[in-house]
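Read the figures in this text as sums done on the coordinates, not as results from a lab. Note that this is a predicted model, so its numbers are computed, not measured. Here Cβ is always computed from backbone atoms with ideal geometry, including for glycine, and neighbour counts include all displayed protein chains.
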Amino acid sequence: MKQFFKRNLHSAQTDRKLIGFKMTLTCLCMLFTVLTMSANETIDFVQKTISGTVTDSYGSPLPGVNILIEGTRTGAQTDFDGNYTLTASTGDILVFSYIGMKTLKLTIESNSTYNVTLEEDASALDEVIVVGYGTQKKISVTGSVSSLKVEEILKQPSSNVKGLLIGQVPGLVTNQNPGLPGSSNVSLSIRGFGQPLVIVDGIESIMDNIDPNDIESLSVLKDASAAIYGARAGNGVILITTKRGTSGKFTINYHGWTGVQSIVAFNKKSNATNYIQHGIDAKFNTEYDPSNPTNEITYNGNFTPENLEKYKASGETYDWIDAVLKSGGSHISNHNISFRGGTDKVRYYTSLGSLKQGTVFNGDYNYKKLNIINNIDADLSDNLSMQFNSSFIFENLDYALSDISTVWNDLDTSLPIHRTENPDPDRAPYSGFSNRSPVARTHKKWAGSNLQEKRLFTAALDLKYKVPSIEGLTLGTKINFRQKNWYRERLSKSYSIWNYDPSSPNADSEGYVEEADIIGNKFSKAYYSGNDQNGRTDARLRMLYRGYFNYKRDFNDHSIGFLTFAEKEDNKYRSLFTTTKELLSTAIPDVDSSSDENTSVSGTGVDTEYTRISMASRFNYSYANKYLLEATLRADASSKFHSDVRWGYFPSLSLGWNIAQEDFLVDSNTIDELKLRLSFSQTGIDSNISNVAFDYLTGYIIANGSSYLINGEAVTPIYSAGLVNKEVSWETTTLYNVGVDLGLFNRRLSANIDVYYRHRDDILAFPIESVPTTFGASLPLVNLNSDIVKGIDVGLAYKDIIGEDFRYHINGGFGIHKKEWDKFEQDIDITDPFQVKYNQRSGHNKNVTWGYKTSGIFNSQQEVDDYLANYDLTDFSGGQFPKPGDLIYVDSNGDNMIDSSDRVNIGYGTTAEVTFSLNSGFDYKGFSFNMLWQGATNVKITANGTLRAPFRNEQSSLVLHDKYSWRQDPSNPGVSANSNAVLPAFESDGIRDWNNQINDLWVLDATYLRLKSATFGYALPSEVTSKIGFDKLELYLSADNLLTISNLGIFKDGLDPEQANTPGAYSIPINRTVMFGVKLSL
């Protein structure tokens, strides 16, 4: 077994050496570009220096205006104050272009200074946005495409791209899901469809790894615009293009920020006195019998009146929250430096970025990331051009061994009567229950370590040839390469947990009582490639080959475009895992440090392959920029499916009418843009099937961990993986979209409105038929069900200038979607009204939660007796009967019975149906301020676990219970002693089953409005920066998650509405980050 592992270990190590070679290659490419930069500075192309300032019609400077010498790629870009400098010859024509402005041409004469005023272009015909497999002018786009201005969203710094998308795209449902440093912390869903396809520089990828500073453009394809991606595009597509080089001046840009992350909301534990009081209350609630009021209550253990008085007198208490989590916050920093420039023949962009993130724990959970990117464009001849991209991403996750759920379990049961640290810091403190210590769990020196190293190398070569004999025809080929390797080491240590109690007869000579021995002494290694964004096994090696031709031509008022391509994607997967027990020493762990009997090996060991072949065509037609048509057809074949159903065909058709270009509106002083869009598309979702499941093939599963004795030898059994289904295939979606784009008052006011309807078919499910267990196999998944999503997206924006210097903008977004089952195969009696109402899914809304309405708490035995006299409870919760302190359930149907038919719709689902955002800001003489408000409604979270009551599974009490739990005074039993009581009474084993039903106390309205971010910046004037050698220098202060307004009521201090769908007392909290940043250019 060890030899097998060593052979495969050698292969894995070879892969790591290959990655090292590729990183070296990337560095050499960077060196090449730097040398190219130096060379560029030594060549003299022109005769004199030309300079000037570019302003708009209001006289305000325009930063970022592109200036090119016509017929070349030599040029410059204006700085923050609109100033530019370049070298040109007399007679050269300078072309000034800027998004939203009319392009201006100017001929160089004898002067050396040329100040230019650009006029707004109300039609914005030249604005180009990225779409699938290409670009289009915005006026020609017929689909629902949101193209983000990256320079705008980067005003709010973020450690990952997903964080930048929050509140920026109407209809994009986002949710912050906090995790350990280095983990994805935002989920994305376009219109609630599900996880979208992410394409980075032409290849499917994961956006979490990208440095936001390297992004040139970002587009979200919501409808037929995504259909060109076929079987993977059913949930929409996010396109990301990284920055490229520009001809002209060599520039160096730096963006760095550093900050502190602190917890927004977290549940605090009761102090020792209140914890003991709760335990005494729970004893009384459990044992008090109103029919026998003199019956003695048994107080014991920690929960005695004597112990309560002791802690009241001493005030002694220990805070395990403070022991586990940092009160001062954790550090995070991000730095990026980039080099950009080139000649008219070669252009380059090189970037180096780093991210370092600490943890909110007082333990060992840290993260580092390094990004290197190198993009080169070269004109090899007049007709042949080349693009070469390469990037390398290295991530280091240096964690303590314990997963977070284990830490929360320990914290949930930690007691405030036990020390959070011992006088001897090398002895792990005991938290009071079983063998637990959340402090030990979060430290490597006790629990052990979990070290992960992730390497991602990508490269792409794109050759384009403009056929000189056919105007507008381009032939091309592209090769993408991606290699992803994850390496993990897990070391489990043995350690002891100690309670410092010199008064105990069991204490040792130093006063310690050993409460538990945690047995570890285990070491494992793993080589694998992790999961993709859909949670499926991701490829270790991915190769994409594409050949294409693209034809674009204008004939007077007629414009046509035709793109066709074929591509093949090969993926290889490999994994190797080994675990060794009973190590000789944990100081130098190794898989060879134990016997073969203590070593296990698993994984594929060899490559498992998956292939996709695709062909697609797209036809575009425009007449006079008024009447637009786009049609696509894509064919996909996937080795995940049987050859009989391997091919799928995905068409789309979209139409556009630029009404503002009609004669009756073209001269309007009010309406600048008015476009009607209609689209239809059929796409697929292939994430329903694992990339390496091959469910159409017969298979077996090795039952590791169990064995049978055959002839005296232990034999590991195998069993069937289940019946095969050769018809299993991807889900199919049909989407209809109607949209309107509107621009008014010289584009000061703009609006985008889309209404859509999507039908998804062939959703996988197990058939309702069953087979006996003696059959020996399970039934396979079948494409059975279907659902519907319908909704509307609205985007509004207004921008203007007051005076000469004050610019402001207000952008708002709104999206609403509804989901329902169209067909859901299930075994119910459709003639039974009860089953139809509560159980039938077909034709019913997905986002519904059925539960009981409550009307407060029983505050006396008399109230209970009156309730029992009025209502029949025979069929409720196993015939239970309420007590004082229990919830009062409402007889919703008025039949004088409390049973399951009294359930009503008390909430929505766990995905927000309605999202909204408001982004606003201003710029004034170098000062800038931007803030983003973002929120959601028609969404729920459900309070669970200790939030409802302490003591179930030994969970200790919270400050929440101090304030709001019902309790009774033994001297006046059956009557509430807490006038603020909202939570029901609890007993020694936790919440009573009567109160643990799904009801409107536990199902919380997660509606919220959040001040997501605010940034205040100042850019120094150019006359100042020029003296210190910079083109631009900007300083800013930024913060996120500043303020949250929610409907969580009594739970708001410990919960965040985005934190979790079904939270218990503890989960990783959402952080508030305060950052200081610097942007400079030279």
Which value in deg cm²/dmol, rounded to the nearest 500, describes the helix-derived mean residue ellipticity at 222 nm for the chain, given -39,500 (n - 2.57) per DSSP H run of n ≥ 4 and division by the residue count?
-3500 deg cm²/dmol
Full extension between Ala516 and Thr317 adds, at 0.36 nm per residue less the Cα distance, a length in nm of 69.4 nm
Amide H neighbours of Ser270 under 5 Å, at least 5 residues apart or on other chains, H built in the peptide plane: list them.
Ser957, Leu958, Val959
Loop-located trypsin sites (Lys or Arg not before Pro) in region 203-252, at most 14 other Cβ atoms within 10 Å (DSSP):
none
In range of the label at Ala714: residues from region 567-598 whose backbone nitrogen is under 12 Å from the point 7 Å along Cα→Cβ:
597-598
Whole-Hz ³J(HN,Hα) from phi, Karplus 6.51 cos²θ - 1.76 cosθ + 1.60, for region 59-65, glycine and proline x
x, 7, x, 10, x, x, 6
Hey, if you drop one equal point scatterer on each alpha-carbon of region 128-247 and run the Debye formula without solvent, what base-10 log of I(q)/I(0) do you get at q = 0.15, 0.17, 0.20 Å⁻¹?
-0.64, -0.84, -1.18
Which FRET efficiency, nearest 0.05, do Thr298 and Lys268 yield, Cβ-Cβ r, R0 30 Å?
0.50
Fewest to most Cβ atoms within 10 Å: His817, His418, His809 sort as His809, His418, His817
So which GluC sites (Glu not before Pro) in region 395-453 end up in coil per DSSP with only 15 or fewer other C-beta atoms within 10 Å?
Glu421
Ser602 and Asn870 label points (each 7 Å along its Cα→Cβ direction) are spaced in nm at 5.7 nm
Say each of Ala378 and Leu1043 gets a label point 7 Å from the Cα, pointing the same way as Cα to Cβ; how far apart are those two points in nm?
5.6 nm
What per residue convex hull volume, in Å³, comes out for the chain when only alpha-carbon positions are used?
227 Å³
Using 0.36 nm per residue of separation minus the Cα-Cα distance, give me the extension gain between Glu119 and Ile671 in nm, one decimal.
197.0 nm
With a 10 Å Cβ neighbour count serving as the proxy for reagent exposure, in which order, fewest first, do Arg748, Arg427, Arg340 appear?
Arg748, Arg427, Arg340
Hull shadow area, averaged, region 241-381 [alpha-carbon convex hull, nm²]:
15.3 nm²
Subtracting the Cα-Cα distance of Phe388 and Ser707 from 0.36 nm times their residue separation yields 109.4 nm
How much of the DSSP beta bridge set in the chain is antiparallel, as a percent to the nearest 5?
95 percent
What do you get for chymotrypsin sites (Phe, Trp or Tyr not before Pro) in region 645-694 restricted to DSSP loop and a cutoff of at most 12 other Cβ within 10 Å of the site's Cβ?
Phe664
FRET efficiency for Asn746 and Leu1082, Cβ-Cβ distance as r, R0 = 45 Å, nearest 0.05?
0.80
Based on alpha-carbon centroids, what's the gap between region 981-1047 and region 287-340 in Å, whole number please?
25 Å
Among Asn362, Pro157, Asn839, pick out the residue whose Cα is farthest towards the positive end of the charge dipole of the chain, where Lys and Arg carry +1 and Asp and Glu carry -1 on C-beta, about the Cα centre.
Pro157
Explain nothing, just compute: Karplus ³J(HN,Hα) = 6.51 cos²θ - 1.76 cosθ + 1.60, θ = phi - 60°, for every residue of region 631-644 in order, whole Hz, x for Gly and Pro.
9, 10, 9, 10, 10, 10, 10, 10, 6, 5, 10, 4, 4, 5
The distance between the Cα centres of region 630-686 and region 540-584, in whole Å, is 22 Å
Whole-Hz ³J(HN,Hα) from phi, Karplus 6.51 cos²θ - 1.76 cosθ + 1.60, for region 148-164, glycine and proline x:
8, 7, 4, 5, 7, 6, 6, 5, 9, x, 8, 7, 8, 5, 4, x, 6
For region 622-766, using Cα atoms only, the Rg and Dmax in Å read 26.6, 94
Hey, with R₀ at 25 Å, roughly what FRET efficiency would Ala587 and Asp501 work out to, going by the Cβ-Cβ distance, to 0.05?
0.20
Using the Cα centre of region 781-834 as origin and beta-carbon charges of +1 (Lys, Arg) and -1 (Asp, Glu), tell me which of His809, Phe824, Ser786 is placed farthest towards the positive end of the dipole.
His809
